[in-house]
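Q: First the structure, which I've put down as structure tokens, then a few questions once you've had a look.
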Amino acid sequence: QVQLVESGGGLVQPGGSLRLSCAASGSFFIISTMGWYRQAQGKERELVATITRVSGTNYPDSVKGRFTISRDNAKNTVYLQMNTLKPEDTAVYYCNANILSRAAPTYNTYWGQGTQVTVSS
């Protein structure tokens, strides 16, 4: 079984910073692209950032320049550094990863359980 476990969410004031982490564990060969998504109450899940295995990154305009995604392949972990947070960044943040597990011969997408980020004064 493959699991993704997020940590680092919480309550922060506008203009503040948070760093999210997501670690993959279980039986697998390799992790390809990893990413962060978020879902605000009453809205659809949306992309926040993605990173390839060789650290190519992609961001939507809404977070570009404020958020930075990174990864540590040795630790099977992806990070999201969020700066200059705004109330509209409030959401549940989910990590995901495309993983070649030992149980299946193809890449599958796995999701973490989500971590709440609340930006409020």
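The values are calculated or read from the model by the stated rules, or taken from the named source; none is laboratory data. For clarity, every value in this text was computed on a predicted model and none was experimentally measured. No Cβ is skipped: glycine too gets one built from the backbone with ideal geometry, and neighbour counts run over all protein chains shown. Remember, those area values only see protein heavy atoms, side chains included, never the ligands or the DNA or RNA. Shrake-Rupley method; radii C 1.70, N 1.55, O 1.52, S 1.80 Å.
Q: Filter region 52-62 down to residues that are open to solvent by less than 60 Å² (accessible area, probe 1.4 Å) and either of a type outside the set (Gly, Ala, Ser) or under 13 Å from the mean Cα position of the chain (by Cα) (or both), then give me how many there are.
A: So the count comes out to 3.
Q: Do you know which of the residues in region 109-121 that are part of a strand (DSSP E or B) and open to solvent by 80 Å² or more (accessible area, probe 1.4 Å) is nearest to GLN39 (Cα to Cα)?
A: For region 109-121, the residue satisfying everything is GLN116.
Q: Also, quick follow-up: Would you say ARG45 is within 11 Å of the chain's Cα centre (by Cα) and modelled with pLDDT of 95 or more?
A: no
Q: Could you check region 88-108 and list, in sequence order, the residues that are among the aliphatic types (A, V, I, L, M) and open to solvent by 70 Å² or more (accessible area, probe 1.4 Å)?
A: ALA103 - this is the single residue of region 88-108 that is among the aliphatic types (A, V, I, L, M) and open to solvent by 70 Å² or more (accessible area, probe 1.4 Å).
Q: For region 63-87, what are the residues that are surrounded by fewer than 18 Cβ atoms within 10 Å (Cβ to Cβ), touching a strand residue (DSSP E or B) at 6+ places or on another chain (Cβ under 8 Å) and touching a residue at least 12 places away in the same chain (Cβ under 8 Å)?
A: Within region 63-87, ARG66, THR68, SER70, ASN73, LYS75, GLN81, ASN83, LYS86, PRO87 meet the criteria.
Q: Can you report the number of residues in region 3-32 which are closer than 16 Å to ASN98 by Cα and either acidic (Asp, Glu) or under 16 Å from the mean Cα position of the chain (by Cα) (or both)?
A: The number of residues fulfilling the criteria is 10.
Q: If you don't mind, another one. Considering only residues that are open to solvent by 50 Å² or more (accessible area, probe 1.4 Å) and in a loop (DSSP other than H, G, I, E, B), look in region 1-14 and name the one that is farthest from ARG66 (Cα to Cα).
A: Checking each candidate, the answer is GLN1.
Q: Output the number of the condition that GLY35 fails; it satisfies all remaining conditions of (1) of a type in the set (Gly, Ala, Ser); (2) open to solvent by less than 30 Å² (accessible area, probe 1.4 Å); (3) not in a strand (DSSP E or B).
A: (3)
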